[in-house]
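Only one structure is covered here, and it is reproduced in the block below.
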Amino acid sequence: MSVPMAKRLLEATAFMVRRPKSTHAVSVVALAVVALAPLSLHAAGPSGKKHHRRASQSQTTTLTKSCSLKNCTITGSMFPTLNLPCPGTPGTVCTYQVHVNAQTHVSSMDQGLFRFTIDGKSASSGGTDSNGYVSWTSGDPDSGAIAWDTRSYSVVVDVSNNTQDEIHRIQVFVGCTDSDSSGSCDVSAGFSSMTADVYTIEII
């Protein structure tokens, strides 16, 4: 699977600790913090929109995924599914702004990925490719030797209600693609956090 590389990302200083390329996967996901509360102050977000609610999650347990086929792609969910309502009648359009920060690691020369979905569908209108993917590195010969990089990315997606105050499901994944055709890739996410904000059109 070929995934186009997106350029919008923020990088923090990497800790230069040598680490061999892994050939196996260990997948452990544990929820550390979940917060869901209405805010009295407007969060920074889309212009002309009213802020309704923010939800956040954080993760302290390492998630690792790997695949062992030429040009393979694999992903793993970084957080439990976040259920966040859009206040309003059927047809109401809410804007969801989803932001992730994470320690990441990917095997040398391979492509590191985030994937964003809402209601099981790709969040492709908000800054990803048609499958919801965004690349945070690709083809780096030193990526396998760096223990952790810190990556950050946001998507902004409009979602329409089918029912009153419909609850929409938000998921964020980390993944990798064997972009150098070596026959395998592995990816990890360490300390991670996610925030999701809900906005509607502000009527004055």
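The values are calculated or read from the model by the stated rules, or taken from the named source; none is laboratory data. Computed from a predicted model, the values in this text were never measured in an experiment. All Cβ positions, even for glycine, are placed from backbone atoms using ideal geometry, and neighbour counts span all protein chains on display.
Exactly one of these conditions fails for residue 201: (1) touching a residue at least 60 places away in the same chain (Cβ under 8 Å); (2) surrounded by 19 or more Cβ atoms within 10 Å (Cβ to Cβ); (3) not acidic (Asp, Glu). Give me its number. Unmet for residue 201, out of (1) touching a residue at least 60 places away in the same chain (Cβ under 8 Å); (2) surrounded by 19 or more Cβ atoms within 10 Å (Cβ to Cβ); (3) not acidic (Asp, Glu): (2). Annotation: residue 72 fulfils all but one of (1) crowded, with 22+ Cβ neighbours inside 10 Å; (2) hydrophobic (A, V, I, L, M, F, W, C); (3) modelled with pLDDT of 95 or more; the unmet one is (1). Can you find a residue in segment 92-102 that is under 19 Å from residue 53 (Cα atoms), assigned to a loop (DSSP other than H, G, I, E, B) and more than 16 Å from the chain's Cα centre (by Cα)? Yes, the conditions are met somewhere in segment 92-102.
Of the residues screened, residue 157 is not one that is modelled with pLDDT of 95 or more and within 21 Å of residue 80 (Cβ to Cβ).
Of the residues making up segment 144-157, at least one is outside any strand (DSSP E or B), touching a His at 6+ places or on another chain (Cβ under 9 Å), in contact (Cβ under 8 Å) with a residue 24 or more places away in the chain and not aliphatic (A, V, I, L, M).
Looking only at residues in segment 129-143 that are at pLDDT 90 or above and part of a loop (DSSP other than H, G, I, E, B), the one that is nearest to residue 114 (Cα to Cα) is 132.
Taking segment 114-156 as the range and being buried (at least 22 other Cβ atoms within 10 Å of the Cβ), of a type in the set (A, V, I, L, M) and out of contact with any Lys or Arg (no Cβ under 9 Å at 6 or more places or on another chain) as the test, only 155 passes. Of the numbered conditions (1) within 15 Å of the chain's Cα centre (by Cα); (2) over 27 Å from residue 50 (Cβ atoms), residue 139 fails exactly one; give the number of that condition. Failed condition: (1). Does residue 173 meet the test of being under 17 Å from the mean Cα position of the chain (by Cα), surrounded by fewer than 24 Cβ atoms within 10 Å (Cβ to Cβ) and of a type in the set (Phe, Trp, Tyr)? Against the criterion (under 17 Å from the mean Cα position of the chain (by Cα), surrounded by fewer than 24 Cβ atoms within 10 Å (Cβ to Cβ) and of a type in the set (Phe, Trp, Tyr)), residue 173 qualifies. Here is the figure for segment 160-187: residues that are part of a loop (DSSP other than H, G, I, E, B) and within 26 Å of residue 145 (Cβ to Cβ) total 7.
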